[in-house]
1. In the stretch B:77-105, what residues are in a loop (DSSP other than H, G, I, E, B) and either within 8 Å of chain A (Cβ to nearest Cβ) or modelled with pLDDT under 95 (or both)?
2. Restrict the check to the stretch A:77-87 and report whether at least one residue is under 23 Å from B:THR104 (Cβ atoms), buried (at least 16 other Cβ atoms within 10 Å of the Cβ) and either at pLDDT 95 or above or away from chain B (no Cβ under 14 Å) (or both).
3. If you scan the stretch A:34-69, which residues turn out to be away from every other protein chain (no Cβ under 13 Å) and either among the basic types (Lys, Arg) or surrounded by 13 or more Cβ atoms within 10 Å (Cβ to Cβ) (or both)?
4. In the stretch A:36-57, how many residues are of a type in the set (Gly, Ala, Ser) and within 11 Å of the chain's Cα centre (by Cα)?
5. Return a yes/no flag: does the stretch B:53-61 have any residue that is among the basic types (Lys, Arg) and away from every other protein chain (no Cβ under 14 Å).
6. Tell me which residues, restricted to the stretch B:7-30, are touching a Cys at 6+ places or on another chain (Cβ under 9 Å) and in a strand (DSSP E or B).
7. Residue by residue through the stretch A:99-113, note down the ones that are surrounded by fewer than 16 Cβ atoms within 10 Å (Cβ to Cβ) and free of Cβ contacts under 8 Å to residues at least 24 places away in the same chain.
8. Quick check on the stretch B:14-47: of everything there that is at positive phi and without any contact (Cβ under 8 Å) to a residue 60 or more places away in the chain, which residue is nearest to the other protein chains (Cβ to nearest Cβ)?
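The values are calculated or read from the model by the stated rules, or taken from the named source; none is laboratory data. Model, not experiment: these values are computed from the prediction. Cβ atoms come from the backbone with ideal geometry, glycine included; neighbour counts cover every protein chain shown.
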Amino acid sequence: NAGVTQTPKFQVLKTGQSMTLQCAQDMNHEYMSWYRQDPGMGLRLIHYSVGAGITDQGEVPNGYNVSRSTTEDFPLRLLSAAPSQTSVYFCASRPTGQDYGYTFGSGTRLTVV
Amino acid sequence: AQSVAQPEDQVNVAEGNPLTVKCTYSVSGNPYLFWYVQYPNRGLQFLLKYITGDNLVKGSYGFEAEFNKSQTSFHLKKPSALVSDSALYFCADPWGKLQFGAGTQVVVTP
């Protein structure tokens, strides 16, 4: 049972480059979210999805795009990387219902130079 | 709408002593509250949750949390801390988008 799988684990980008952070879950969870974690800032929600074909913005969506074509996958796209996007990114999923906890991936550490 | 706050950036405790990590919430309606833990270089792990029912909730790794409606608090507790409990702890509000508190770093010294 793989849970939530994020790839890659580490990535270095040059300013202006684009890339996609991958997130896949095998638990048939409807809800999926992307967070970024910065020192002293806790976790901030970037985008989330309540099901295939449905996405919405979180607290810090600028510079990021998402899509949800399947229940399993929820990729996060950086359109034109900036040093301010240097962070650790976490993907999480949960079943429908507020009383279920999220399952988190192990994270992607991104550095933009 | 609901949000959570963690008033302490860091908590220091000696091994064997009781550990408390504080969380307060603001609520419109019945609160749902979660605690997560993050060990170094790892993702977050679910510890416990309060939905309804008993005010004392028991979770993983010997942790428990006490829901106090009059004080709008949901403090995480462990009777006897271990060095291995050193980690970052997050209180969370699962309504809608899952908003996290800023986190409290727990340092347990031998």
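1. Correct list: B:PRO94, B:TRP95, B:GLY96, B:LYS97, B:LEU98, B:GLY101, B:ALA102, B:GLY103.
2. Residues of the stretch A:77-87 under 23 Å from B:THR104 (Cβ atoms): A:87.
Still in the list and also buried (at least 16 other Cβ atoms within 10 Å of the Cβ): A:87.
Okay, now just the ones that are also either at pLDDT 95 or above or away from chain B (no Cβ under 14 Å) (or both), so A:87.
Scanning the stretch A:77-87 turns up at least one residue that is under 23 Å from B:THR104 (Cβ atoms), buried (at least 16 other Cβ atoms within 10 Å of the Cβ) and either at pLDDT 95 or above or away from chain B (no Cβ under 14 Å) (or both).
3. Once the filter is applied, which keeps residues that are away from every other protein chain (no Cβ under 13 Å) and either among the basic types (Lys, Arg) or surrounded by 13 or more Cβ atoms within 10 Å (Cβ to Cβ) (or both), the stretch A:34-69 yields A:GLY51, A:ALA52, A:GLY63, A:TYR64, A:ASN65, A:VAL66, A:SER67, A:ARG68.
4. Number satisfying all stated conditions: 1.
5. Our first condition is that a residue be among the basic types (Lys, Arg); within the stretch B:53-61, this holds for B:58.
From what's left, away from every other protein chain (no Cβ under 14 Å): B:58.
Yes, that holds for at least one residue.
6. B:VAL21, B:THR24, B:TYR25
7. Correct list: A:ASP99 only.
8. B:ASN41
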